[in-house]
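Working notes for the structure below.
The values are calculated or read from the model by the stated rules, or taken from the named source; none is laboratory data. From a predicted model like this one, the values you see are computed outputs, not experimental measurements. Using ideal geometry, Cβ is built from the backbone for each residue, glycine included, and neighbour counts are taken over all protein chains shown.
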Amino acid sequence: MSEPKFIEVQQVEMLFDTRKGRFHALTDVNLKVARGEFITLIGHSGCGKSTLLNLLAGLTRATEGVLICAGREIAGPAPERAVVFQNHSLLPWLTCFENVYLAVERVFGAREGKDKLRARTADALALVGLTHAAQKRPSEISGGMKQRVGIARALSMEPKVLLMDEPFGALDALTRAHLQDELLRIVAQTESTVVMVTHDVDEAVLLSDRIVMMTNGPAATIGEIVDVRLARPRERVALAHDALYNEYRTRVLEFLYHRQARPAKEAA
Ligand SMILES: Nc1ncnc2c1ncn2[C@@H]1O[C@H](COP(=O)(O)OP(=O)(O)OP(=O)(O)O)[C@@H](O)[C@H]1O
């Protein structure tokens, strides 16, 4: 028998009750993720990427099948599975420091003193390069900085898994590239296990160990998985000229735009 993986998704089916009846979002989803792996989920809009991420986060329960993290069935949200959403959900009346501190206190407050909690908060902000903005409120910082606070807050909980739902989707291309580079650095440093939803093929190839490509819904499933065997650390400019990088990129594009092409009216 093969060794259990850090995350296991086994025969997951997801149906939603809607006004028009039951909607079959996901079918027969099976996935194993090793500790320290960086996985991206890619597929056309509406194929069920967020649904799968929400199941891993424990925000919703699968209609059928099992999801396991670190040997335990996922039964609800927990700090061991921290989530970063596209729209950073920072509390506007708190400073960046206080926003992160809140999460730190929730996870470690029962066993650690205030000095230790403050040190954890400061470390998390330093990790994302935001020490200088610690006392600013969300309204005083850019979108990219807010997203970095969201990442700091998630990492400050020392999660076993970082779940990211299009974390850079709302950012301009340059800020996005900058944050991808930072994420590469942070993940190398923290050895985090990451599952990230993206629409961006280059982002997927740059960041991933494996790219999980999903078929179109309804009843979407995993169509193919690309093993990205590019050495780390990865550098985006050098990779642009790398034949292997371009081969992976083409494979994902072919999957999305040939094998899973969507009719024009649906894609609009
Ligand atoms: N709570 C819900 N009730 C009913 N249908 C839902 C619910 N959540 C998601 N769906 C449906 O399930 C399908 C998958 O949605 P999901 O948000 O997971 O897709 P996605 O791949 O993340 O899309 P996008 O890339 O546009 O964010 C869609 O058809 C969506 O309408």
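In table form, for the structure just shown:
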item: Where residue 83 falls short, out of the listed (1) in contact with a Ser or Thr (Cβ under 8 Å, 6 or more places away or on another chain); (2) of a type outside the set (Ser, Thr, Tyr); (3) under 16 Å from residue 164 (Cβ atoms); result: (1)
item: Residue match in the range 42-49 (condition: loosely packed, with under 14 Cβ neighbours inside 10 Å and either in contact (Cβ under 8 Å) with a residue 60 or more places away in the chain or more than 15 Å from the ligand (Cβ to nearest atom) (or both)); result: yes
item: Condition check for residue 151: at negative phi, of a type in the set (Val, Ile, Thr) and surrounded by fewer than 21 Cβ atoms within 10 Å (Cβ to Cβ); result: no
item: Selection from the range 147-186 of residues that are among the β-branched types (Val, Ile, Thr) and under 19 Å from residue 57 (Cα atoms); result: 151, 161
item: Verdict on residue 34 being hydrophobic (A, V, I, L, M, F, W, C), more than 12 Å from the ligand (Cβ to nearest atom) and closer than 25 Å to residue 203 by Cβ; result: yes
item: Residue within the range 223-238 that is under 29 Å from residue 13 (Cα atoms), part of a helix (DSSP H, G or I) and not polar (S, T, N, Q) present; result: no
item: Every residue from the range 32-77 that is basic (Lys, Arg), assigned to a loop (DSSP other than H, G, I, E, B) and either over 26 Å from residue 17 (Cβ atoms) or within 16 Å of the chain's Cα centre (by Cα) (or both); result: 35
item: Some residue of the range 101-111 being within 14 Å of the ligand (Cβ to nearest atom) and without any contact (Cβ under 8 Å) to a residue 12 or more places away in the chain; result: no
item: Verdict on residue 212 being closer than 30 Å to residue 117 by Cβ, modelled with pLDDT of 95 or more, surrounded by 16 or more Cβ atoms within 10 Å (Cβ to Cβ) and aliphatic (A, V, I, L, M); result: no
item: The range 1-31, subset assigned to a loop (DSSP other than H, G, I, E, B) and more than 15 Å from the ligand (Cβ to nearest atom), residue farthest from residue 164 (Cα to Cα); result: 1
item: Residues located in the range 16-33, provided they are within 18 Å of residue 59 (Cβ to Cβ), in contact (Cβ under 8 Å) with a residue 60 or more places away in the chain and not aliphatic (A, V, I, L, M); result: 23
item: Whichever residue in the range 118-135 is of a type in the set (Val, Ile, Thr) and surrounded by 15 or more Cβ atoms within 10 Å (Cβ to Cβ) and, among such residues, is nearest to residue 105 (Cα to Cα); result: 121
item: When residues of the range 50-61 are limited to those that are out of contact with any Ser or Thr (no Cβ under 8 Å at 6 or more places or on another chain) and within 22 Å of residue 225 (Cα to Cα), the one nearest to the ligand (Cβ to nearest atom); result: 50
item: Wholly enclosed helices (runs of 4 or more DSSP H) of the range 100-204 bearing at least 3 residues under 20 Å from the mean Cα position of the chain (by Cα) and under 24 Å from residue 43 (Cβ atoms); result: 143-156, 173-190
item: Of the criteria (1) touching a residue at least 12 places away in the same chain (Cβ under 8 Å); (2) within 16 Å of the ligand (Cβ to nearest atom), which one residue 68 fails; result: (2)
item: Residues located in the range 207-229, provided they are within 14 Å of the chain's Cα centre (by Cα) and away from the ligand (no atom under 15 Å from the Cβ); result: 207, 208, 209, 210
item: Any hit, the range 63-74, residues being out of contact with any Asp or Glu (no Cβ under 8 Å at 6 or more places or on another chain) and surrounded by 13 or more Cβ atoms within 10 Å (Cβ to Cβ); result: yes
